Structure formats: structure tokens, C-alpha cells
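To start, the structure under review is shown below, and the notes come after it.
Just so it is clear, none of the values below were taken in a lab; they were calculated from the coordinates. Quick caveat, the model's predicted, so the values are computed rather than measured. Counting neighbours? That spans all protein chains shown, and the Cβs are built from the backbone with ideal geometry, glycine included.
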Amino acid sequence: MRLKLIVYLVISLLVSSCMDNKDEKSTRSKSNMDIDKKVDSLLALMTLEEKVGQLNMYSDFWESTGPANTKSAQEKFDHLKRGWVGAMLNVHGAKNTKRIQKIAVEETRLGIPLLFGYDVIHGFKTISPIPLAEAASWDLDAIQTSARIAGIEASAAGLHWTFAPMVDVSRDPRWGRVMEGAGEDAYLGSKIAAARVRGFQGDDIGAKNTIAACAKHFAAYGFVEAGKEYNTVDIGTSTLYNVVLPPFKTAANVGVKTFMNSFNDLNGIPVTAHKELQRKLLKGEWDFKGLVVSDWASIKELISWGHATDEKEAAILALSAGNDMDMEGYVYINELTDIIKSGELSEEVLNEAVSRILRLKFELGLFDDPYRYCNEELESKTLGKQEHQQAVLDMAKKSIVLLKNDNQKLPLKRAGQTIAVIGPLAVDKDSPLGNWRAAAEPNSAVSVLEGLKSYGDNTILYHKGVDLVNDSPSFAKEANINMTNRQGIKDAANLASKADIVIMVLGEHGFQSGEARSKTNLKLPGLQQELLEAVYKVNPNIVLVLQSGRPLIIDWAAKHIPSIVMAWQLGSQSGNALAEVLYGDYVPSGKLPMTFPRDVGQIPIYYNHKNTGRPRNVENNVFWSHYLDAKNSPLFPFGHGLSYTVFNYDKLKTNKQKYSIGEEIKVSVQISNIGEYDGKEVVQLYIRDLVGSVTRPIKELKGFELVDLKKGETKELSFVLTTNDLGFYTNKGAFVIEQGEFEIYIGGSSTTTLKTKIALK
Ligand code: BGC
């Protein structure tokens with residue numbers, strides 16, 4: 001009893017020094033300077049078991065009346081009461097988090113508050129487009145706002161921490177998790193990573209409406225072999241440093257509070273146990289001060305990888321490598337106390353990990369008031385707010401990419417038309433929410449049909465044609481549907497034959513991409529291709545609205561269907577956003593953040609590939625770098641996206657021809673809107689380093705800007721490159737800037753040919 005009293009006195013002294021800082025913003029950063037001291041003092045009070053407990057994160061085990069009646073739930077509850085749990089995931093809602101927080105604060109010896117983390121990936125209650133879709137906007141302000149809103153809603157629902165942004169660059173749409181990232185490019189990915197971190201964390205992590213972000217999955221998870229989930233990764237240092245790491249480094253530079261490692265191995269070392277990556281690079285060279293959390297049970301998986309013999313070795317490897325927190329793996333909690341006691345790991349290593357966790361708790365203000373994020377009234381006023389709906393609508397419009405628009409079928413005429421809307425996704429109110437939809441109400445998105453019905457003055461007919469196949473995980477189900485459901489195709493075609501224009505809404509079910517959704521077949525699932533072809537036969541006047549969480553193989557559609565709109569999964573306001581774009585109230589401006597292959601056999605396919613020694617068919621023979629049965633080019637390249645208007649680029653120039661290292665390179669270009677609509681263009685700048693000590697890509701994105709242009713308007717745009725933008729990482733991970741010639745390209749996609757040349761002496 002006396003001990004408890006002393007402990008509480010010390011804690012309250014620590015806390016009161018935080019509580020002086022009532023003014024949310026300026027004084028809190030001052031208090032940050034003292035945080036290390038507070039952490040050290042608290043650490044000095046903790047037992048070994050309590051320290052290990054801080055490293056332990058459990059997933060929800062709570063039913064409405066208390067812990068679930070299973071052995072593991074009872075055990076977790078027991079650990080919680082002993083102060084052996086540092087964080088929880090998958091618990092949300094002000095009431096729920098408060099109830100559990102109360103146990104940590106009031107019933108444990110030291111009363112250290114818990115962290116509550118959750119996958120708030122693209123919105124909490126109000127759902128924004130999936131991250132890959134948002135990336136297609138190239139609009140960093142809108143993306144930051146989207147993350148801000150997610151942060152506001154999540155913090156109002158008792159959360160302190162999101163496991164986002166996912167910043168894994170990936171060139172492989174077979175990998176289902178491409179929906180969670182920003183696509184294939186390191187430069188665009190870095191800009192978006194920064195925007196998302198800033199959005200979640202705001203200017204002040206201690207404010208009540210901000211949450212800690214988490215750069216994941218560190219690292220190279222997007223390069224899993226053959227796009228197969230949880231697979232091995234074997235890539236060289238050049239790819240690691242030039243392609244994989246930049247978004248992580250940017251996230252660290254802009255102050256992301258946490259990192260999550262990944263399930264894959266990297267060149268033979270499972271990254272959860274990768275010392276070079278976590279301890280040396282992240283915590284060492286990059287001087288990252290935040291906490292590193294494992295992925296779900298990834299410490300335990302070191303055993304399945306054949307990298308650790310048992311849990312004890314797994315714990316030693318992971319903690320030594322710099323993995324601070326164990327997410328739902330039970331390894332640290334079961335093993336670390338004995339490991340430290342026996343001297344197999346020093347207590348300093350443990351203290352370092354615990355300090356990082358405690359620091360975040362101090363920064364979030366949890367020692368001031370552990371319930372500061374648990375305000376039910378605020379929660380009910382905040383979630384799903386009208387202003388949030390407006391913001392995700394804005395984000396959704398900007399995320400749509402017009403892939404093709406032959407004969408200007410779009411925008412739709414406002415009145416006097418009969419429009420046949422066909423396809424199972426047209427009425428689907430759930431799929432647009434995508435995977436990782438946090439606390440969204442199921443079926444709460446505005447469907448395409450609802451959106452279209454509330455716009456324009458046309459006659460709208462509807463037929464679903466076929467069922468939407470959700471083939472994860474049952475293939476049998478798909479086979480069954482294939483066998484039985486062809487009458488709908490006939491009926492839909494019949495309906496289409498009576499329409500002036502047909503809008504076909506086809507693609508993936510909302511859960512066909514995401515974690516554990518790797519696929520080898522990226523064609524339209526189920527009978528949708530048959531439906532498309534049958535309708536085309538009777539009425540080729542088709543606008544295809546494609547919904548999916550990844551690039552799909554739509555070679556037939558690209559050849560035959562006049563207009564194709566990439567709608568991804570656009571979130572709560574999906575149907576409204578699409579209606580505005582289809583009717584031209586918003587002129588599409590999105591550009592692909594990921595290449596669309598012609599065939600799955602081209603994967604991995606990406607714009608910034610190497611030239612090879614035999615790039616062209618110069619001698620008219622077979623011995624050049626190509627496929628016998630497919631073109632080299634993609635179906636739609638990175639950076640591609642049309643508008644209803646037309647942009648023309650001209651007068652690309654630089655302020656000089658020759659530069660020395662350290663000089664600024666000023667690039668300008670003239671862009672004119674020569675079409676019939678006001679519009680917005682994403683102007684993209686690429687470079688090519690013509691000769692390198694390590695072979696260089698044929699193009700590399702190094703800048704972009706969004707420009708609004710009225711019909712008939714011309715603007716001059718300037719970009720400033722530094723000579724750092726011309727450098728790269730060698731195979732030893734060293735950054736170099738090499739002399740020589742460089743081409744600079746500007747245009748509306750990665751295939752632009754408008755270029756000029758400079759030299760670096
Ligand atoms: C995923 C992470 C996620 C975690 C917690 C894992 O399976 O890989 O991205 O944050 O689960 O839900």
C-alpha cells in the first residue's frame with residue numbers, strides 16, 4: 001500500500017508538470033523537451049514485467065459486458081489488470097476505449113494509460129476513396145485534408161493512433177494491397193506519404209483531434225515475389241534505396257510518430273528481425289525517435305520463416321533488430337522477462353523500446369488526461385459530419401481517371417436521353433467503401449445508380465445483368481455463378497438495345513483487393529466480360545465505369561468501348577462523385593498512379609524501367625527485348641488521364657544548358673487549354689539521366705503541378721530542380737550525383753515526348 005502511494009505521488013508529479021500546459025499548441029511543444037526526463041523517471045519506477053508489458057499490444061477481446069469468455073480473452077484481461085499491456089488495437093468508440101482505459105489507469109499499479117490503435121486507412125466513419133484512388137488525384141492538399149478528416153473522426157472515437165499511411169511502392173497489381181498505397185512511383189509516393197502524415201498528425205500531435213500516424217510496412221512488402229501475399233522479397237540495393245525507401249524516409253523526415261515493419265523477408269532476412277533496416281538505418285542513420293511496431297504476429301512468424309528456432313529466439317532477434325512493440329504475437333510478453341533476467345539481452349535494449357512507447361503516450365497527452373479522446377458527445381457530433389461528406393466528395397471527384405473518351409461520349413447530355421445503367425456494381429452501396437473501411441456503416445455509400453438518378457433529366461433504366469462475384473476465398477462460388485446466371489445477360493442486353501447510351505458499372509467487389517487478396521487473373525471477375533460483350537453487340541454506345549482496388553486487365557474494353565472511366569472505390573460519396581464527373585459538373589483531372597498492363601504476363605510493368613541493351617527492333621530480327629505475343633507498352637501508362645478539354649504543351653526550356661553541382665535548374669513550359677471546357681491538368685516533369693554508373697530508368701518523375709486553365713487560356717509554368725534531383729543511390733546505398741547529360745521531359749503523362757537537354761559538369 002505504501003509503495004502504491006509513493007508510486008502515485010511520483011506519477012502525479014510527472015503528470016502535473018505536463019498539466020501546466022493547458023494551452024493546446026505552443027506550450028505543448030515546450031513540454032516535449034521535458035518528455036525524455038519524464039520518460040526516464042517513469043521508467044525508473046517500473047518493474048521488469050511492467051516494462052515488458054508496455055511492449056505488448058493486444059487486439060480487442062471485449063464483449064459488451066466484459067472480456068469474452070475464452071481462455072485467450074481471460075488471459076489478456078488478466079494481463080491488462082496487471083499493467084502488462086501497452087496498447088490495444090481494434091477497439092474503438094469513446095465509450096469502449098474509456099472502459100478499457102479506466103482499467104489500465106485505475107486498476108494497475110502505475111496507471112500507465114494505453115494506446116489505442118486502429119487501421120484508419122481511408123476514413124473512419126466517413127469514407128474517402130481508397131488510397132490508390134486518392135493518389136490518382138495527385139492533389140496533395142486534398143489528400144492531406146482527407147487524412148485530417150480521418151484523424152478528426154478517429155480521435156473523436158477514442159483512438160490515438162492509425163496504422164497508416166501505407167507507403168509501400170508496388171509495381172504488381174496482382175498484389176491485393178496496392179489499393180492501400182500510392183502506386184508505383186517513389187517520388188509521387190513520397191509526396192503523398194508526407195501529405196498523409198501531416199493530415200493525420202496535424203501540426204500538433206498533442207491536440208485532441210490529431211492521431212499518431214504509422215509508416216508501413218517497413219520495408220519492401222510491395223515487392224513480394226509474383227505478387228503473392230506474405231511472400232519473399234529479393235531485390236537489390238539500388239531498387240531498395242531508389243524505389244522502396246524514399247517514401248519511408250520522407251515520412252520519417254516529416255515527423256511520423258511510428259513505423260510498422262512487414263511480413264516479408266528481404267534478401268533472406270524477415271524484416272521484423274532485420275537489424276540493418278530497423279536498428280541501423282531507421283533508428284540510426286535516419287535518427288527516427290518514434291516507435292516501431294511489428295505487424296500482426298510477425299515476431300512469431302520468424303519461426304515459420306525458419307529464421308528463429310522458437311519464440312525465445314524470435315523475441316531476441318526482433319527486439320535486437322529494433323522492433324519495439326509486439327502486435328498480437330504473445331512473444332514478448334511470454335519470453336522477454338526471462339530473457340532479460342538471464343542476461344541474454346540487456347535491460348538497456350528493453351528500456352530503449354519502452355521509452356519510445358512512453359514518449360508517444362506523453363506526446364499524445366495521455367498522462368495529462370488518459371480520457372481526453374473519450375468524449376461521447378464530441379464523437380456523436382463529429383462522425384459522418386456534413387462537412388466531412390463534402391470533403392470526401394471533393395476527394396472522390398478528383399480521384400476519378402478518364403482513361404478513354406472516343407467521340408466525346410462524355411460528358412453526358414443533361415436531358416432527353418434514355419440511359420441504361422447495367423452491371424451489379426451500379427447498385428452496390430458497399431463495394432465503393434473498399435477494403436479497410438474502419439467504422440463505416442455497411443452499405444452506406446451512394447451507389448452509381450442513386451447518383452445518376454439525382455442528376456440530369458434523363459430516363460434511367462437499370463439491369464444488373466450478372467451477379468457480382470466475390471471470389472475471396474471461394475472459387476466454387478464463382479464456378480457456380482458462371483454455370484447458372486446467363487438469363488440476366490440477355491435481359492440486360494435487351495434493355496441496353498432500347499437506350500441512347502449505356503453506362504456499364506463493372507469491376508471488383510470491394511473485398512476483392514486488400515490484404516490476402518493476391519490474384520493471378522486480373523480480368524473482370526465472373527461473367528462481367530460476357531455481359532460487356534453481349535451489351536456491346538446490341539448497343540456499342542457504352543461508357544464503362546470500372547470499379548476496383550487495382551489496375552485490371554481490360555484489353556478488350558480498351559479496344560472496343562468508346563469511353564472508360566476508372567472509378568476505383570470512391571468511398572461514401574461514390575455515386576455523387578461519378579454523376580458529377582459523368583455530367584461534366586466536374587471535369588476529370590485524375591492521372592494513373594499505377595500502370596495498367598495489357599496482360600498479366602507483363603507484370604511487373606512500370607514506367608520507370610531500364611532501357612536494356614536491346615531496346616528496339618533496329619535490325620528487324622527477333623533478338624530484342626520484347627514479348628512474342630504482346631506489345632511492350634502498357635494498356636494505359638502511369639500518369640495517363642484525359643480531360644473533357646484538351647491541353648497543349650509548348651516552349652519547354654531551361655534557364656541554362658550547363659549546370660554545376662549545387663545550382664538550381666529552372667525549367668519552364670507553356671500550357672494551353674485548347675479544348676471546349678475549363679479544366680485542370682496535372683503537369684508532370686520527368687528526367688532521364690542518359691549515362692550512369694548504375695543504369696538509370698528511361699524516365700523518372702521529379703516534379704508535378706496541378707494547373708487550372710480556363711477554356712482558351714495559356715499559362716507559363718516553372719519548376720525548380722536542384723542537382724540533388726539528378727542524383728541516385730548506388731548499389732552500396734550511397735547517394736551520388738554524376739556529371740553528364742540529362743533529358744527533361746514535361747507533359748500530361750509518363751509517355752510525353754516533349755523534352756530538352758541539359759548537362760551537369
Ligand atoms: C496488416 C497491417 C495492419 C494490421 C492490424 C495486418 O495484418 O498487415 O497492415 O495494420 O494487420 O490490423
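Farthest toward the positive end of the dipole of the chain, out of Leu245, Gly189, Gly93, is the Cα of Gly189, where the dipole comes from beta carbon charges about the Cα centre.
Is the shape of the stretch 574-704 best called rounded, prolate or oblate, per the rule: a/c under 1.5 gives rounded, else a/b larger than b/c gives prolate, else oblate, with a ≥ b ≥ c the square roots of the Cα gyration tensor eigenvalues? Cα axes put the stretch 574-704 in the oblate bin. Volume per residue of the convex hull around the Cα atoms, evaluated for the stretch 112-223, comes out as 95 Å³. Note on Gln390 and Ser320: their simple-model spin labels are 5.7 nm apart, each label 7 Å out from Cα toward Cβ.
Of the residues Tyr644, Ser750, Thr108, the one whose Cα sits farthest towards the positive end of the charge dipole of the chain is Tyr644 (charges of +1 on Lys and Arg Cβ, -1 on Asp and Glu Cβ, taken about the Cα centre). Under the simplified labelling scheme, the Ala516-Ser380 pair shows an inter-label distance of 3.6 nm, with each label point 7 Å from Cα along Cα→Cβ. Phi angles across the stretch 580-592 convert, under the Karplus curve 6.51 cos²θ - 1.76 cosθ + 1.60 with θ = phi - 60°, into 3J(HN,Hα) values of 4, 6, 5, 8, x, 5, 10, 7, x, 9, x, 9, 4 Hz, Gly and Pro given as x. Within the stretch 215-307, how many lysine pairs that are 8 or more places apart, or on different chains, have C-alpha atoms less than 28 Å apart? Counting lysine pairs in the stretch 215-307 gives 29.
Full extension of the chain segment joining Gln74 with Lys289 gains 74.0 nm, where the gain is 0.36 nm per residue of separation less the Cα-Cα distance.
Pairs over the 28 Å Cα-Cα cut-off, from the set Lys680/Lys702; Lys651/Lys732; Lys51/Lys191: Lys651/Lys732; Lys51/Lys191. Against the chain, whose longest principal axis comes from its Cα atoms, helix 386-399 is set at around 50 degrees. Relative to the longest principal axis of the Cα atoms of the chain, the long axis of helix 475-484 makes an angle of roughly 30 degrees. Can you find, among Thr309, Met327, Ser399, the residue sitting farthest towards the positive end of the charge dipole of the stretch 268-424, where Lys and Arg contribute +1 and Asp and Glu -1 at Cβ? Result: Ser399. Amide H contacts of Ala219: Ser262, each under 5 Å away and 5 or more positions distant or on a separate chain (H built 1.01 Å from N in the peptide plane; Pro and chain starts excluded). Working note: Karplus 6.51/-1.76/1.60 with θ = phi - 60° gives the stretch 261-275 the couplings 8, 10, 6, 6, 9, 10, 6, x, 10, x, 5, 4, 10, 8, 5 Hz, where Gly and Pro are set to x. Karplus-derived 3J(HN,Hα) values for the stretch 637-649, using 6.51 cos²θ - 1.76 cosθ + 1.60 with θ = phi - 60°, are x, 3, x, 6, x, 8, 10, 7, 9, 10, 10, 10, 10 Hz; glycine and proline are entered as x.
Using Cβ point charges alone (K and R +1, D and E -1), the dipole size of the chain about the Cα centre works out to roughly 1180 debye.
From the Cα gyration tensor of the chain, with a ≥ b ≥ c the square roots of its eigenvalues, which class applies: rounded if a/c is under 1.5, or else prolate if a/b is larger than b/c, or else oblate? Since a/c reaches 1.5 and a/b is larger than b/c, the shape of the chain is classed as prolate.
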